[in-house]
Amino acid sequence: MMELLGMMPRKIALGGRYSRELFNRHGDLRHIRRLRFWPLKKVLIEKYEFSEQDAKDMADFLVPILDFVPEKRPTAAQCLLHPWINAGPHLLEPSLPDTQSKAIDTLNSVQTKKQNEETEAMEVGMGKMAINKDTRSFRSYSVKF
């Protein structure tokens with residue numbers, strides 16, 4: 001959380017049962033020396049490939065929920081009133097990288113081609129089939145396996 005939100009308030013960092021094992025007296029992490037701040041919006045864009053607008057909207061919703069000070073966090077009712085929740089459904093465009101998109105297109109075209117070939121072969125086979133107008137019922141034929 002400190003990577004996403006910044007430094008934890010000293011009072012919060014030192015207020016827990018195991019705080020002395022994890023934090024020094026100044027509230028800094030004991031075992032992690034160079035923790036770099038990486039804002040949630042940038043994480044969503046760079047790591048998870050969100051669009052700029054989607055990342056901003058989601059970060060605006062999540063950052064207050066993740067506040068270190070519990071009293072500052074929004075209530076569940078307030079969260080339900082947030083525009084990110086109330087915006088309703090919207091159409092999403094696929095956000096696959098070009099290589100994945102091309103691979104999927106190629107796979108789809110190969111599958112379509114194969115299906116068309118199978119259908120055509122079946123139609124040709126059906127066209128060559130002779131229709132027998134024999135009046136005997138099918139039960140009169142014996143089947144041997």
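Taken together, the values in this text are just the output of simple stated rules run on the coordinates, not laboratory data. The model shown is predicted, which means the values in this text are computed figures rather than measured ones. Because the Cβ atoms are built from the backbone with ideal geometry, glycine has one as well, and the counts that use them run over all protein chains shown.
Normalised radius of gyration for segment 24-78, please: alpha carbon Rg relative to 2.2 N^0.38 Å, two decimal places.
Against the empirical 2.2 N^0.38 Å value, I get 1.43 for segment 24-78.
Does a label point 7 Å from the Cα of Tyr18, set along Cα-to-beta-carbon, have any residues of segment 29-71 with amide nitrogen under 19 Å, and which are they?
Within reach of a label on Tyr18: 29-33.
Using the per-residue mean of other Cβ atoms lying within 10 Å as a proxy for protection, in what order, highest first, do the peptides 50-61, 110-121 fall? All intermediate terms of the calculation are to be shown ahead of the outcome.
Details: 50-61: 15.6, 110-121: 10.0.
Packing proxy ranking, top to bottom: 50-61, 110-121.
Apply the Karplus parameterisation 6.51 cos²θ - 1.76 cosθ + 1.60, with θ equal to phi minus 60°, to every residue of segment 13-26 and state each ³J(HN,Hα) to the nearest whole Hz, in sequence, with x for glycine and proline.
4, 9, x, x, 4, 9, 4, 5, 6, 9, 10, 7, 5, 8
7 Å from Cα along Cα→Cβ at both Arg25 and Lys72: what's the point-to-point distance in nm?
For the pair Arg25/Lys72, the computed spacing is 2.6 nm.
Strictly over 32 Å apart at the Cα level, which of Lys41/Lys114; Lys47/Lys102; Lys42/Lys114; Lys42/Lys113; Lys56/Lys114; Lys47/Lys113 would you flag in this model?
Lys41/Lys114; Lys42/Lys114; Lys42/Lys113; Lys56/Lys114; Lys47/Lys113
Val63 versus Lys47, label points 7 Å from Cα toward the beta carbon: distance in nm?
For Val63 paired with Lys47, the spin-label model returns 1.7 nm.
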